[in-house]
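Have a look at the structure below before the remarks.
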Amino acid sequence: RAKQEGRNTFRLFEPKMQERAARHLAIENALRRALERNELTLHYQPQQCLKSGRILGVEALLRWKSAELGDVPPAEFIPLAEESGLIVPIGEWVMRTAARQMVAWMAAGLPPLVVAVNLSMVQFRQSNLPARVGAILADTGLPAGLLEIELTESVSMNQPEAAIAMTRALQACGVMLSVDDFGTCYSSLAYLKRLSIDKLKIDRSFIGELDTDHDDQAIVSAIVSLAGSLGLQTVAEGVESPGQLDFLSRLGCDIAQGYLISRPLAAPDMFRWLKSRAGSVRAAPLTAATAGA
Ligand code: C2E
Ligand code: MG
Ligand code: MG
Ligand code: MG
């Protein structure tokens, strides 16, 4: 009886596993040709200074429209790109494309903006990463200070000594470093202090219920004050409501990013968005009433 149940369960389970495996294989095969077929693009989401209301920069976010599979979200294809090693050429393309875009926007009259790119753990472990970053800056002409590299907290926890050395080498290139999705992973404060980083990006899971959840309020407040005492800036991700923005402002969080300010947009749309903002530099601090207006 137990044996039979076990077998039935297995039978129900197996087709799903096969489906998953087939989907993974299809994604990996299609991803192999995505670069040469020009199926990848970058969307850009602005980051706003909470004190001045000014737009300081944008985060580049990868988008893939596959000929065979349609739109595939990064959460689905990035892990497979990492497993297969494809993230290395793709990540290089992301950094180069983002850098080129910023130079083009400046040439078109926008003020200098920092562009943040997400870096995978696989890329972070490549010893020639600083050289690759240097080559991209040299080739595109982007000033190093306008490139920001986002590491995930887990990236930095892996092989601590190597990670510390890599953050130093990257900072020596002149680029800025931030720790993405901060708070989702346990990292020791003593270790965090040894990393050469500039910013902590507070994970959006702490922001969503910020208006009502006292635990989230306590956590975000603790992260902002921790960052302040370590000399780091804070970026809140996933800001969707004026109430969240107000709370973050009052805490002294430096930068906000989220749908309230803008969704990630394709380059031409983000260019228009940024241009329409450029003429209206806010003199007064941003408040809930003016946010997203
Ligand atoms: P992430 O780096 O933490 O990026 C922020 C994610 O939150 C993005 O999802 C963005 O669209 C979404 N988001 C922004 N504001 C809001 C908001 O107000 N509310 C909500 N609910 N979501 C918001 P996306 O674009 O789907 O990217 C997911 C993840 O995929 C990224 O998380 C990043 O870890 C990874 N990723 C994206 N592009 C790249 C890339 O070029 N390279 C690597 N290695 N990873 C990437
Ligand atoms: Mg990110
Ligand atoms: Mg994040
Ligand atoms: Mg992330």
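The values are calculated or read from the model by the stated rules, or taken from the named source; none is laboratory data. Fair warning: this is a prediction, and the values are worked out from it, not measured in the lab. The accessibility values were calculated without ligands, DNA or RNA, using every heavy atom of the protein model including side chains. Shrake-Rupley method; radii C 1.70, N 1.55, O 1.52, S 1.80 Å.
Express the relative contact order of the range 47-186 as a whole percentage, based on alpha carbon pairs under 8 Å and six or more residues apart in sequence.
On the way: 169 pairs, mean separation 29.5, N = 140.
So the answer I get is 21 percent.
Go ahead and set up a Gaussian network model of the chain, Cα springs under 10 Å, then flag whichever of 194, 20, 132 fluctuates most.
In this elastic network of the chain, the residue with the biggest mean-square fluctuation among 194, 20, 132 is 20.
Ignoring everything except DSSP H segments at least 4 long, calculate the 222 nm mean residue ellipticity for the chain; use -39,500 (n - 2.57) per segment, divide by total residues, nearest 500. Walk me through the numbers on the way to the answer.
Values: 11 runs with 143 residues, N = 293.
Mean residue ellipticity, 222 nm, calculated: -15500 deg cm²/dmol.
If I build a Gaussian network model for the chain, linking alpha-carbon pairs within less than 10 angstrom, which residue out of 165, 107, 190 has the largest mean-square fluctuation?
Among 165, 107, 190, the largest mean-square fluctuation in the Gaussian network model of the chain belongs to 190.
Based on the alpha carbons, how large is the Rg to Rh ratio for the range 61-129 when Rh follows Kirkwood?
That ratio is 1.04, to two decimals.
Got a sec? What order do 180, 269, 71 fall in by accessible area at 1.4 Å, biggest, i.e. largest, first? Let's see the in-between values first.
Values: 180 10, 269 70, 71 110 Å².
Sorted by accessible area, descending: 71, 269, 180.
Kindly work out what percent of the DSSP beta bridges joining two residues of the chain are antiparallel, to the nearest 5.
45
So for the chain, averaging the separation of alpha carbon pairs under 8 Å that are six or more residues apart and normalising by length, what relative contact order in percent results?
19
Just the projected area, averaged over all directions, of the convex hull on the alpha carbon atoms of the range 1-144: how many nm²? Numbers along the way, then the final one.
Working: hull surface 52.3 nm².
In nm², the orientation-averaged hull projection of the range 1-144 is 13.1.
Compute from the Cα atoms of the range 67-198 the Rg and the Dmax, the latter being the longest Cα-Cα distance, and quote both in angstrom.
15.3, 48
Leaving ligands, DNA and RNA out of it, rank 191, 186 by accessible area with a 1.4 Å probe, largest first.
These residues rank, largest area first, as 186, 191.
Using only the alpha carbons of the chain, what is the convex hull's orientation-averaged projected area in square nanometres?
Its Cα hull, projected and averaged over all orientations, spans 18.7 nm².
Provide 273, 64, 93 ordered by accessible surface of protein heavy atoms (probe 1.4 Å), highest first. Provide the component values of the computation, followed by the final result.
Details: 273 45, 64 5, 93 70 Å².
If we order 273, 64, 93 from most to least accessible, we get 93, 273, 64.
To one decimal place, what Kirkwood hydrodynamic radius in Å is obtained for the range 147-253 from all pairs of distinct Cα atoms?
This gives a value of 14.1 Å.
Mean-square fluctuation check for the chain, GNM, Cα pairs under 10 Å: which of 150, 36, 161 is largest?
Per the Cα network of the chain with a 10 Å cutoff, 36 tops the list.
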